[in-house]
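See below for the structure under consideration.
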Amino acid sequence: MKERIVIDTSVFTNPDTREVFGKSTREAFCNFIKIAEKHLDKIDVYMPLSIFKELKHFLGSEALPPQTQFVLKLKSPRRYDIKVPGFLIYELIEEIRERINKGLRVAEDAVQDAEIVGKEKTINALRNKYREALRAGVIDSKEDVDLILLSMELDAAIVTADTGVKKWAEKLGIRLIEPYALKSLLTS
């Protein structure tokens with residue numbers, strides 16, 4: 001039976017994982033397509049359309065390898081047909097509330113620091129700390145949700161470097177494949 005995977009943009013954009021397939025985002029993606037094309041007998045590679053659009057933004061205007069649409073099965077999840085457990089909504093709301101409170105504390109600290117370190121340094125530090133407090137380790141985009149929903153719909157594994165997606169995949173019992181393991185799976 002073929003392995004089904006739903007692949008995320010982060011596999012090709014995250015500096016820690018893209019090196020599995022190449023040095024740049026474009027090189028990593030093109031190399032992945034070449035490798036996956038040779039193994040279509042043992043793997044089906046899905047990507048939500050929202051993620052494909054996001055990936056194309058990172059890849060720039062240069063043409064994609066011609067076999068891309070043959071290798072990648074572009075499919076949006078059936079958002080209105082998929083049932084999600086109530087705990088997902090409950091825990092997501094709890095997590096958002098906690099993160100908003102963390103963001104508030106980061107902002108309060110920044111106001112106090114502004115007089116000491118100066119406005120410009122404080123703003124830069126505030127942006128970084130605020131982003132970390134609110135976004136790290138949480139599903140924070142419709143693309144993340146599409147990735148999770150499509151994998152649920154297809155009973156497929158997710159390949160991602162995104163810690164928020166990994167955390168929610170674990171909660172929902174979705175199989176995960178690390179990008180480095182994907183290359184091994186494909187080339188074995």
Item to complete: Report yes if some residue within the stretch 85-103 is touching a helix residue (DSSP H, G or I) at 6+ places or on another chain (Cβ under 8 Å), small (Gly, Ala, Ser) and surrounded by fewer than 18 Cβ atoms within 10 Å (Cβ to Cβ); otherwise report no.
Response: no
Exactly one of ILE82, ILE89, ILE96, ILE100 is closer than 30 Å to ILE33 by Cα, at pLDDT below 80 and aliphatic (A, V, I, L, M), and that residue is ILE82
Counted residues in the stretch 136-165 being in contact with a Ser or Thr (Cβ under 9 Å, 6 or more places away or on another chain), assigned to a helix (DSSP H, G or I) and surrounded by fewer than 17 Cβ atoms within 10 Å (Cβ to Cβ) come to 1
For helices (runs of 4 or more DSSP H) lying entirely in the stretch 1-101, having 3 or more residues that are among the hydroxyl-bearing types (Ser, Thr, Tyr) and farther than 16 Å from THR160 by Cα picks out none
Exactly one of GLU27, GLU54, GLU3, GLU37 is touching a residue at least 60 places away in the same chain (Cβ under 8 Å), within 26 Å of THR187 (Cα to Cα) and surrounded by 14 or more Cβ atoms within 10 Å (Cβ to Cβ), and that residue is GLU3
Only one of LYS121, LYS167 is at pLDDT below 85 and basic (Lys, Arg), namely LYS121
Flagged in the stretch 60-80 as surrounded by fewer than 14 Cβ atoms within 10 Å (Cβ to Cβ) and in contact (Cβ under 8 Å) with a residue 60 or more places away in the chain, in numbering order, are ARG78, ARG79
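The values are calculated or read from the model by the stated rules, or taken from the named source; none is laboratory data. Predicted model, so just to flag it, every value in this text is computed and none were measured. Positions of Cβ are generated from backbone atoms using ideal geometry, with glycine treated the same way; all protein chains shown enter the neighbour counts.
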